[in-house]
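Structure first, commentary second.
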Amino acid sequence: MSRPSLPFRFSSVPPPDPQTASSRLAPVDMSTATMLSGGRELSQPPSDGISNLRFSSHSDLLLVSSWDRTIRLYDVGENTLKAEFVHAGPVLDCCFHDDSSGFSAGADHSVRRHIFGSGKEDILGHHDAPVRCVEYSYAAGQVITGSWDKTLKCWDPRGANSSDRALIGTYVQPERVYSLSLVGYRLVVATAGRHVNVYDLRNMSQPEQRRESSLKYQTRCVRCYPNGTGRVAMEFFDLSEAAQAKKYAFKCHRKSEAGRDTVYPVNAMAFHPIYGTFATGGCDGYVNYSKYPTSIAALSFNRDGRLLAVASSYTFEEGEIPHEPDAIFVRNVNEVEVKPKPKALPGPPP
Amino acid sequence: MAHVSTDQLLQLETTCGSFLYELQIIWDEVGETDTERDKMLLELEQECLEVYRRKVDQANRYRAQLRQTIADSEAELAAICSAMGEPPVHTKQPTQRVGNLKEELNSITPQLEEMRKRKGERLKQFLEVMEQIRNISVEVMPSEYSPSRHVDESDLSIRKLEELYRQLESLQKEKNDRLKQIMDHLSTLNELCSVLGVAFKETVREIHPTLDDTEASKSISNVTIERLATAIGRLREIKIERMQKLQDLASTMLELWNLMDTPIEEQQLFQNVTCNIAASEEEITESNTLSVDFLSYVEEEVLRLEQLKVSKMKELVLKKKTELEELRRQGHLVVEEAENEPEVAISAIESGAIDASFVLNQIEGQIAEVKEEAFSRKDILERVEKWLAACEEEAWLEEYNRDENRYNAGRGAHLTLKRAEKARALINKIPGMVDTLVAKITQWEKERGIGFTYDGVRLLTMLGEYTIVRQEKEQERKRQRDQKKLQGQLIAEQEALYGSKPSPSKPQSAKKVPRTSTGGSNRRLSFGGAATLQTPKPDYMHSAKSTRTAKKLDDLGTLSPGSRGLDIAGLPVKKLSYNDAITKHQEVGMPRKPFASLIPVNTIPSAPSMPVIASTLEENQAPNTMLLLTPKNPATAAAVPMHVASTPAPTCLVNDGKLSVVASVEETEYSFEERRLAFYVGGR
């Protein structure tokens, strides 16, 4: 049985690198070089930092979690706020279950389920520390949460509100969980201390692979490629030498001023659902050459990849300082920006 | 017959005589009277006369008829002859006529027959010719020609026939000419169509359906020719238009190739395009060279090349920019203009607002300027380097002098000793160096009327500061000497009192020495102090810049983001206890280390693999080395948000003498969110 070679990527907080200061060129980017507008801004944005936003995979509904203790549901097409839930503490992550319900991860240690239509909410259970991330696996029908209590928990959403009956299992991680990503049955967990574990959701007893991030510094965000066919990626699940040799990394979100390089943390990544190209957002406020008022906290493509939601929200990288108001921009994605660049010359016409 | 008739006449005469004799006999017998006899004889005579008259009349009529026939024949003959343009057969006059009427008629009849036959033949010829003429005329101008099948019989002369033949011939010639013209047109059209990639058959069929048919005769009318000519004109116009477009594309392509050194293999794919770059309209004959598909294919390639060019230009601009920056760095020139210039330029190039070559030229100009300036600064800079190197040695020596174990014979101790000796010699030269430098700089500044800056700091100021610090240090040294003397006295006193000698290495004065020395080293930062701190060269800038911020320590609001980041690093010190605040868990005690009064309390244990602790210990022992350690240890750096590492903020803390705080805060890795939550909880 051969393993599918599914690639995944990291982004991290890099330190300055004086050696490379003189050899630095433009950031590598897959988008074509066109100046683009930032898109339109959604009305009624959260009043504090945006921790995550996600498009539904069925419609243009957008779920947003925020430090202002709310979780909000927007209809992007109509630019309306459709639902809002208030938590006891900041909401650190959210995800859709389907178009009528979703899950959230709270700094109050709770994992909640929200029914958008009725405004009802259930508690799936609790961690021992703030819950940093939440994902829903359509393949396994489970909610997976990662927390700063150094554990990963899997939940069955059907058992909600019945004193941890929803809990399926708790899996100890080497460090505080910082980021999760899912593709099919595969789960990638990135923690503090640059640990990366790869699990198979069907066998959570132990990680399928244990790794160290190939980047030197703190892992901010890890995302899986939506499909793993033949694309050169930074890392591959496949442990064969051939696949591992294809790893690569590139520098982005950097700026050189007066001989000094400022290297911005990369906060967010989003894969285009059709082309497999991806966008990154960093503390410099740039997403593929478009400048936003402040850091990019989160990114999400809608189901057909024509819209990109950008959370322009200060990510606390410099502590509590005055900053631009938090905002959500939805921008139309030009196909040329996200289409992979053709490698071969077209043939002459007949 | 004449004989016969004469005989008959004779017989008739005898018969008549015999009849008369018989009559006389009868009469005699009858006894007719003479009167009666006379009467009978008269009657007889009269009847005879009547018969004669009738016969003569008859003969006369016949003669007249005969004459009429002859006259008619002659007239017809004459008419035919005249129609055929031939001289009349009979030239003789009726009076000279030979022979009688019948002979005449007999002689004329065959002639007439002959002439009629000839006339018929001629007529047939005429009809044939005219039919042909008509046919051709219809072909040539179908609308104009009104067909008359009638032949004018009055003129059937050879001349007329020849005339007709000539007409026919000219018509045939015209037809041939037209056919030739059409064929020419068709071949031109075919060529054009093939070059332009247009379907020839359809085009031709549109003009006239017969043209496409190879079997049937082609339409050769004026309208067709006109249409053909129009079609050719139209296609030629298109061809010229497309040719110009292709040539434009080809020249652009050549330019781009030239510009980008496109490999020959890639060029060969478009050889057939570029070979036409200077071709005239007639010279482009290869099929499909100007087809819409081909043009768009070429256009696509040009577009691709252009995009490539833009990206290459972008690269070039960045490269030049880097070169410029490198030159500036080498010349220690700091430019205060827009710092994100490359990004601005790049995005402008991408949007097409600025021509990349313009930006390039601009940068080239700047490079030339910087080179020129660097050249004028070279002499002074070399001296500055020497001076800085000397300062470095001075710092090292100071450090070395403080090392109480410096005379321990370890490995390489003799080398260090040698270095120290050299350093001492070098340090003695520093004042001289500084003086020359000041003189040189003053002259330079006088010549140019501008201040000589080094990494953005005025060099004269740096030198001035250095001199002041040096003087201060001298004073300090003097003070120390005095103190030592005092101590010596004290020891002597103690000895006198207790009879024992305390260890000379007792660090009673150590407390003071580090402070003064750190103070000193901090001040030294203000003149390219990074060198003093032995960090890699590119850090010059940072440190040099930092000095300015360091000077403004009290004014937190204007601190660089780096130092702000450091401030935040200090934040969790008090507030990373969000866990308790939210969930009311039991409070954890806050152990404090001496010196590190603000160590963060971690409910979240730090990563066990962090090698920072070891280095922290070292740092606590020798605070001054901390800055050397940080860049050397990537694991430490990993835990530090990049601002901390990239900015000179640590110098501020060195200044405060709270080095260990920094070190211990950085022991544990925290994400922004964890810090934020800590702040959030703290805020509430």
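Brief remarks on what is shown
- Local charge for residue B:323 was computed over the other residues whose Cβ lies under 11 Å away, with Lys and Arg +1 and Asp and Glu -1, and equals +3.
- Charge context of residue B:241, other residues only, Cβ under 12 angstrom, K/R +1, D/E -1: +2
- Interface size B-A, as summed buried accessible area [1.4 Å probe, Å², nearest 100]: 5500
- Area accessible to solvent at residue B:254, 1.4 Å probe radius, in Å²: 70
- Cut-off 14 Å between beta-carbons: net charge of the residues surrounding residue B:61, Lys and Arg +1, Asp and Glu -1: +4
- For the stretch B:1-88, the equivalent ellipsoid built from the Cα gyration tensor has semi-axes of 52, 16, 5 Å, listed from largest to smallest.
- Remark: the stretch B:446-463, residue by residue, has Karplus-estimated 3J(HN,Hα) of 5, 4, 9, x, 10, x, 8, 9, 10, 6, x, 9, 5, 5, 4, 4, 4, 5 Hz, where x stands for each Gly or Pro and the curve is 6.51 cos²θ - 1.76 cosθ + 1.60 at θ = phi - 60°.
- The phi torsions of the stretch B:264-278, fed into the Karplus equation with coefficients 6.51, -1.76 and 1.60 and a -60° offset, translate into couplings of 4, 5, 5, 5, 4, 4, 10, 4, 5, 7, 6, 5, 8, 4, 10 Hz, rounded to whole numbers, with Gly and Pro shown as x.
- Residues whose placed amide H lies under 5 Å from that of residue A:282, excluding near-sequence neighbours: A:267, A:296
- When the charge dipole of the stretch B:407-460 is built from unit charges on Cβ atoms (+1 for Lys and Arg, -1 for Asp and Glu) and taken about the Cα centre, the candidate among B:450, B:420, B:433 whose Cα reaches farthest toward its positive end is B:420.
- Estimated vicinal HN-Hα couplings, Hz - the stretch B:391-401 in sequence order (Karplus 6.51, -1.76, 1.60; Gly, Pro = x): 4, 4, 4, 4, 4, 4, 4, 4, 4, 4, 5
- Amide H contacts under 5 Å for residue A:93, placed H, 5+ residues apart: A:105
The values are calculated or read from the model by the stated rules, or taken from the named source; none is laboratory data. Only a predicted model underlies this, so the values are computations on that prediction, with no experimental measurement involved. Because the Cβ atoms are built from the backbone with ideal geometry, glycine has one as well, and the counts that use them run over all protein chains shown. Ligands, DNA and RNA are stripped out before the accessible areas are found, and what is left, the full protein with its side chains, is counted by its heavy atoms. Shrake-Rupley method; radii C 1.70, N 1.55, O 1.52, S 1.80 Å.
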